[in-house]
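*Asks:* I am attaching a structure below and will ask some questions about it afterwards.
The values are calculated or read from the model by the stated rules, or taken from the named source; none is laboratory data. Just so it is clear, the structure is predicted and the values come from calculations on it, not from any experiment. With ideal geometry, Cβ positions are generated from the backbone for all residues, glycine too; neighbour counts draw on all protein chains shown. Remember, those area values only see protein heavy atoms, side chains included, never the ligands or the DNA or RNA. Shrake-Rupley method; radii C 1.70, N 1.55, O 1.52, S 1.80 Å.
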Amino acid sequence: MKTITFTVNGQKYTREVEEHKTLLRFLREDISLTGTKEGCGAGECGACTVLLNSKPVNACLVLAVEIDGKEVITIEGIAQDGKLSPLQEAFERHHAIQCGFCTPGMIISAHSLLQRNPNPKREDIQEAIEGNFCRCTGYLQIIEAIEDAAEQLKPKKSKKR
Amino acid sequence: MKNVDMKMHVKGQSVFIDDIKAPIGLLNAALFTSPVAKGRIKNIDISAAQKSEGVAMVITHKDIPGKNQIGHMIADQPLLAFDEIEYIGQPIAIVVADTRKNAKKACQLIKVDIEKLEPVFEPREAYQKGLIHAQKRVLVNGNIEEAFKKSKYIASGRIDSGGQEHFYFETQRALAIPKEADTIKVCASCQSPGAFQHHIAEVLDIPMHKVELEIRRLGGGFGGKESTAVWVVAAALAAKLLNRPVKLVISRNEDIATTGKRHPYSYDYKIGLDENGKILAFEVFLYQQAGGCADISPAVLGRSFLHTSGSYCIPNVKITAVSCKTNIPPNNAFRGFGVPQGTFIIESALFHASEIMGKNIIELKKINLLKDGDFLPYGMQLKKTNAVRCWETLDEKVNIKKRIEAVEEFNKNNQTKKRGISVIPVCFGISFAQSTLNQASALVNIYIDGSVSVSTGAVEMGQGVNTKILSVAANTLGIQKEKVRVDTTNTSRIPNASPTSASTGADLNGMATKFACEELLTRLKKLIAKKTNFFDLDKIRIKDGIVYLCGAKLDYTWEELILDAYNERTDLSCHSFYATPAIYYDRVKERGRPFAYYSYGTSLTEVEVDILRGVYEIVSIDVVHDVGKSLSPEIDKGQIEGAVIQSIGWTTIEQLRYAPDGKMLSSANSYKIPDIKFVPKNFNVMLLENSENPYAVCNSKAIGEPPFIHGLGAYFAILDVLRKIRKDKPLPSLPLTPEKVFMYIYE
Ligand code: FES
Ligand code: FES
């Protein structure tokens, strides 16, 4: 057991954790955040993607002890005050979801892409989402949703200027 | 209308089995399975496992209170093996412990002594040895010998198609909670509420009314959770024996290694054409790789069998089909349910024939397309056939001839990259081929605040069936969609539900829902009539939650109406039932009307192959698909896109690998499914316009499986390239992996 201090979705926690426990299990079992899913447990599918210090990682490959002193964002932290983010809205608008099991990881990866690159080209989207598999949708509606979200995010920025 | 669950999905709030809050005293189960493909159990030693940390119980066949049997069609599948072993991964014991980890650890301490026997892995070999499930099926129509004599061009050969892992994102799992008086509630990720409830009752030796099986949603199913009940029944058994809640979740690699897949097939074919290219005769033998137990394989085979003529009119046929017993995990349903394999063989045979005749395959297909009045081999005459309409609509959209020319032009100008093209017509029969299953019921409750709850036997697994049902209910009642909620699929509310499969979920359950809503509406209209003294019920309408008389709006809302109805003691709950009319099939004569209607489509696929390396890219896919009058164009479009990509996975990159001893070598790390880079640059899906379908709810058509057939286009477009390079070899088997493409060219 090791004591770690970290934040998840802006909330600070101090917890005891078994050294070998993955971040995925820790989030689901110890923090009761079940939005992050296990699709393969082997670093292949991306269903477990979360942001660790703003970088997307596969939570099934990271150990919980590694988040000591760090900041984690999960799918539950994307909507602000219950309001969907433009990306989440775009996923809904474009019907980029079928069973919904890959969706949390998908949204986290796309969210991170839009933070890094607000103007992604189709190839950038494909590059960023390559590690997120979806068995249901055929991806087209996912690409369209991300493109649209980027579009939605644009005017606000130009207004600010 | 969009999928009603999406708001929760995007926030990570939707609850799947493993997200349900752990009930007090929850235990976790793991399965110990056979390491041997064929053998006989001599001894099972669980003593060390029982003593392992955290273990509550190690369950073997001896502990089963009822029948040790979960065979879906034939009683050949024990829940826990006790004597004969038929495949690696066959369950032998269930270990229940405080944590999943401890349960798995204890599994490794179980010692089983198995006398090894000679396994069979090849379907043809199994057939030679008489190892088949159910009976051989033979369908003869017309006079095949005569027709071959008259044929100017004859092509024959052997070909194979491979399996496919479902890779539904949520692996097999269930949570079982014992309740008072010997009852049990099981929350499961499964597609067959009625059948699985029945298996649980039989294994636990309790009546079905003591088993409540509940399904909220599945993280994908694709058929893989329809027939094999192992994981659901195992959790229920453990909960019952220990009188504690038990959860069983298997890992991705366990799922890949031990669950059924799409059936590989081996085929012998012979096709005869007249001088104009009209198909005169087709003879085919299907060898299905079924696995160690029958599971649902004979039913899958039956559908392949009925679809071997594809979208073509073939007057003389002989179709023979056998489900071969091989020592791998029992294969089961997978989107398309044998139709992709049935269609593959006729498409392959016709492709081969076009080479012999020297005529363009695309033209050859067109002249053989099914038309109204044509008969299918089992004697069903076609009406409202849209095969030609879909083809022509696609042609108008993409100009097939120009596309062929463009490919030829590209190939002239490029040496190392070559393009190939294929057009695939789809004709897919809708209904369960087993007529009994074509029934469904719905329960619609209206509460005194005007909110409505709908329960059906349909299982939501991402295909949007609940959304479609919700919209049928809201439209029929004339109220806003927000007032309606589709409740869980629960065997206590909806008994004896058929599986959600064969793409019939919305057709059957939607129709039952419509009937129930219509009945409720009539009751409400009678009340309005009494209150208003206006007795022409046809002129009373409810729209957007307001009552109208002869088109005039009344100051009377849905909520007021419902409260009045309650006070007047009107029954605000209605159960209704639907059975697809006029379908029947005679298995002895192999004749009948097994399908209510057909779903059609046509697609054009273009690929580019790097002939130095064997790698390829899907350049474009254009699809026209007939969905009737769509209940939700967004959902239907998503179903088509998803099916096409999943199918291209099957026809190109997804390859299962086994060790010589039958052990699955594919794993999460090595089994590749299409990723986002796989999506073609041009991917256009169009729904056929003005298509009406009187045979299903609100003129719609089933959508889950039929578009899977389009994915064959990738195989045949690559084949187009390969055969232009060389024809001195037989047609390569499906899937055409880059490796196989390379070997085909250079070996
Ligand atoms: S669950 Fe972590 S990558 Fe699949
Ligand atoms: S929506 Fe089911 S896996 Fe992506």
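*Asks:* Using a simple charge model, +1 on the beta-carbon of Lys and Arg, -1 on the beta-carbon of Asp and Glu, nothing else, what dipole does the range B:439-579 show about its Cα centre, in debye to the nearest 20?
*Replies:* Values: 16 positive and 16 negative charges, 41 e Å.
Here the range B:439-579 has a charge dipole of around 200 debye.
*Asks:* Next up: For the pair A:GLU66/B:GLU518, report the inter-label distance in nm, with labels modelled 7 Å from Cα in the Cβ direction.
*Replies:* 5.9 nm
*Asks:* Just add up the charged neighbours of B:GLU568: K/R +1, D/E -1, any other residue whose Cβ is under 14 Å from the Cβ of B:GLU568.
*Replies:* Details: positive: B:ARG523, B:LYS525, B:LYS526, B:LYS530, B:LYS531, B:ARG569; negative: B:GLU560, B:ASP564, B:ASP571.
It works out to a net charge of +3.
*Asks:* So how much accessible surface do A and B hide from each other in total, probe 1.4 Å, in square angstrom to the nearest 100? Working shown, then result.
*Replies:* Values: alone 8930 and 28830 Å², together 33550 Å².
Chains A and B together bury approximately 4200 Å².
*Asks:* Label chain B by shape, choosing from rounded, prolate and oblate, from the square roots a ≥ b ≥ c of the eigenvalues of the Cα gyration tensor; if a/c is under 1.5 it is rounded, and otherwise prolate applies when a/b is larger than b/c, oblate when it is not. Present the calculation step by step, with values, prior to reporting the outcome.
*Replies:* Details: a/c = 1.83, a/b = 1.11, b/c = 1.65.
The shape class here is oblate.
*Asks:* Hydropathy first: keep DSSP H helices in chain B averaging at least 1.6 on Kyte-Doolittle, then drop any whose Cα extent along the axis falls short of 15 Å, and list what survives.
*Replies:* Details: long enough: B:193-204 (16 Å, 0.29); B:230-242 (18 Å, 2.17); B:339-357 (27 Å, 0.77); B:387-398 (17 Å, -0.33); B:400-413 (20 Å, -1.14); B:465-477 (18 Å, 0.85); B:505-532 (39 Å, -0.11); B:633-648 (22 Å, -0.04); B:712-725 (20 Å, 1.24).
Result, helices passing both filters: B:230-242.
*Asks:* Quantify how strongly other chains surround peptide A:124-135 by giving the mean number of their Cβ atoms within 10 Å of each of its Cβ atoms. Don't skip to the end; give the middle numbers.
*Replies:* Numbers: counts 0, 1, 5, 2, 1, 3, 4, 2, 2, 7, 10, 15.
Shielding by partners across A:124-135 averages 4.
*Asks:* Comparing A:HIS111, A:HIS94, A:HIS20, which has the greatest mean-square fluctuation in the GNM of chain A with Cα pairs linked when under 10 Å apart?
*Replies:* Checking each option, the largest mean-square fluctuation is seen for A:HIS20.
*Asks:* For the protein assembly as shown, compute Rh as the Kirkwood radius over C-alpha pairs and then the Stokes-Einstein diffusion coefficient at 25 °C and 0.890 mPa s; write the answer in µm²/s, rounded to an integer.
*Replies:* Details: Rh = 28.8 Å.
In µm²/s, the coefficient rounds to 85.
*Asks:* Still on this structure, please answer the following. Considering only protein heavy atoms and a probe of 1.4 Å, how much of the accessible area of the range A:1-66 is carbon and sulfur, as a whole percent? Write out the running numbers ahead of the final one.
*Replies:* Details: 1300 of 2840 Å².
Here it works out to 46 percent.
*Asks:* While we're here: Given the range A:86-153 reduced to its alpha-carbon atoms as identical point scatterers, what log10 I(q)/I(0) does the Debye formula return at q = 0.17, 0.26, 0.28 Å⁻¹?
*Replies:* Once normalised to I(0) and log-transformed, intensities are -0.48, -1.22, -1.44.
*Asks:* May I ask you to give the percent of accessible area on the range A:86-153 that is carbon plus sulfur, with a probe radius of 1.4 Å?
*Replies:* Values: 910 of 2020 Å².
In the range A:86-153, the share of accessible area belonging to carbon and sulfur is 45 percent.
*Asks:* Given axes a ≥ b ≥ c from the Cα gyration tensor, I'd like to know whether the range B:444-494 is rounded (a/c under 1.5), prolate (a/b larger than b/c) or oblate. Can you show the working numbers first?
*Replies:* Numbers: a/c = 2.40, a/b = 1.30, b/c = 1.84.
The shape class here is oblate.
*Asks:* Just the number please: accessible area per residue for chain B, 1.4 Å probe, all protein chains included, in Å². Walk me through the numbers on the way to the answer.
*Replies:* Numbers: 26740 Å² over 747 residues.
So chain B comes to 36 Å² accessible per residue, rounded to a whole number.
*Asks:* For B:ASP372, what is the net charge nearby, where nearby means another residue's Cβ is under 13 Å from its Cβ and Lys, Arg count +1, Asp, Glu -1?
*Replies:* Details: positive: B:LYS371, B:LYS383, B:LYS384, B:ARG389; negative: B:ASP374.
Residues close to B:ASP372 contribute a combined charge of +3.
*Asks:* Turning to a different aspect of this structure: Taking each pair of distinct Cα atoms in the range B:131-192 once, what is the resulting Kirkwood hydrodynamic radius in Å?
*Replies:* Details: mean 1/r = 0.0536 Å⁻¹.
Taking every pair of different Cα atoms in the range B:131-192, averaging 1/r and inverting gives 18.7 Å.
*Asks:* Taking every residue in A:31-38, how many Cβ atoms of other protein chains lie within 10 Å of its Cβ, on average? Present the calculation step by step, with values, prior to reporting the outcome.
*Replies:* Values: counts 0, 3, 2, 9, 8, 1, 7, 7.
Average per residue, whole number: 5.
*Asks:* Considering only Cα-Cα distances, which of the following residue pairs are longer than 21 Å: B:LYS261/B:LYS418; B:LYS468/B:LYS637; B:LYS526/B:LYS701; A:LYS37/B:LYS7; B:LYS136/B:LYS383; B:LYS359/B:LYS724? Please list the in-between numbers first.
*Replies:* Details: B:LYS261/B:LYS418 33 Å; B:LYS468/B:LYS637 14 Å; B:LYS526/B:LYS701 33 Å; A:LYS37/B:LYS7 17 Å; B:LYS136/B:LYS383 30 Å; B:LYS359/B:LYS724 14 Å.
With Cα atoms farther than 21 Å apart: B:LYS261/B:LYS418; B:LYS526/B:LYS701; B:LYS136/B:LYS383.
*Asks:* Now a separate question. In whole percent, what relative contact order does chain B give with Cα contacts below 8 Å and a gap of six or more residues? It would help to have the intermediate numbers written out before the result.
*Replies:* Numbers: 1821 pairs, mean separation 110.4, N = 747.
Over chain B, the number comes to 15 percent.
*Asks:* To the nearest 0.05, what FRET efficiency results for B:TYR584 and A:GLN115 with a Förster distance of 60 Å applied to their C-beta separation?
*Replies:* Working: r = 60 Å, r/R0 = 1.00.
Efficiency computed from Cβ-Cβ geometry: 0.50.
*Asks:* Grab the Cα-Cα distance for B:LYS681 and B:THR488, subtract it from 0.36 nm times how many residues apart they are, and report the gain in nm with one decimal.
*Replies:* Working: separation 193, 0.36 × 193 = 69.48 nm, distance 3.89 nm.
Stretched fully, the B:LYS681-B:THR488 segment lengthens by 65.6 nm.
*Asks:* Whole-Hz ³J(HN,Hα) for each residue in the range A:112-118, computed from phi via Karplus 6.51 cos²θ - 1.76 cosθ + 1.60 with θ = phi - 60°, x for glycine and proline: what do you get?
*Replies:* Here the 3J(HN,Hα) series is 5, 4, 5, 5, 6, 9, x Hz.
*Asks:* Could you bin all the Cα-Cα distances of the range A:2-77 into 10 Å bins starting at 0 and give me the percent of pairs in each, rounded to whole numbers?
*Replies:* Once binned at 10 Å, the Cα pair distances of the range A:2-77 give 22, 61, 17.
*Asks:* Would you mind working out the accessible area per residue for the range A:1-125, using a 1.4 Å probe, and quoting it in Å²?
*Replies:* Working: 5070 Å² over 125 residues.
Accessible area per residue: 41 Å².
*Asks:* Note the full-extension length gain between B:LYS401 and B:SER670 as 0.36 nm times their separation in residues minus their Cα-Cα distance, in nm to one decimal.
*Replies:* Numbers: separation 269, 0.36 × 269 = 96.84 nm, distance 3.99 nm.
92.9 nm is the gain from fully extending B:LYS401 to B:SER670.
*Asks:* Counting only protein heavy atoms, probe 1.4 Å: which residues of the range B:649-686 lose 20 Å² or more of accessible surface in the full assembly compared with their chain by itself?
*Replies:* B:ALA668, B:ASN669, B:LYS672, B:ILE673, B:PRO674, B:ASP675, B:ILE676, B:LYS677, B:VAL679, B:PHE683
*Asks:* Suppose R0 equals 25 Å; then what is the FRET efficiency for B:LEU549 and B:ASN475 from their Cβ-Cβ distance, rounded to the nearest 0.05? Show your work: numbers first, answer last.
*Replies:* Working: r = 20 Å, r/R0 = 0.80.
With a Förster radius of 25 Å, E is 0.80.
*Asks:* Any chance you could run the full-extension gain for B:LYS42 through B:ASP98? It's 0.36 nm times the residue separation minus the Cα-Cα distance, nm to one decimal.
*Replies:* Additional length available on full extension: 17.2 nm.
*Asks:* Still on this model: Return the FRET efficiency for the residue pair A:LYS154, B:ASN243: r is the Cβ-Cβ distance, R0 is 45 Å, and the value is rounded to the nearest 0.05. Don't skip to the end; give the middle numbers.
*Replies:* Details: r = 59 Å, r/R0 = 1.32.
E between A:LYS154 and B:ASN243, to the nearest 0.05, is 0.15.
*Asks:* Please give the peptides B:587-594, B:511-518, B:219-226 ranked by average Cβ packing (other Cβ atoms within 10 Å per residue), highest first, as a rough proxy for protection. Working shown, then result.
*Replies:* Details: B:587-594: 14.6, B:511-518: 24.4, B:219-226: 28.5.
So the peptides B:587-594, B:511-518, B:219-226, ranked by packing, come out B:219-226, B:511-518, B:587-594.
*Asks:* Something else: Would you mind putting B:463-475, B:332-344, A:58-70 in packing order, based on average other-beta-carbon counts within 10 Å, highest first? Mind showing how you got there, number by number?
*Replies:* Numbers: B:463-475: 25.8, B:332-344: 27.8, A:58-70: 19.8.
The most tightly packed comes first, giving B:332-344, B:463-475, A:58-70.
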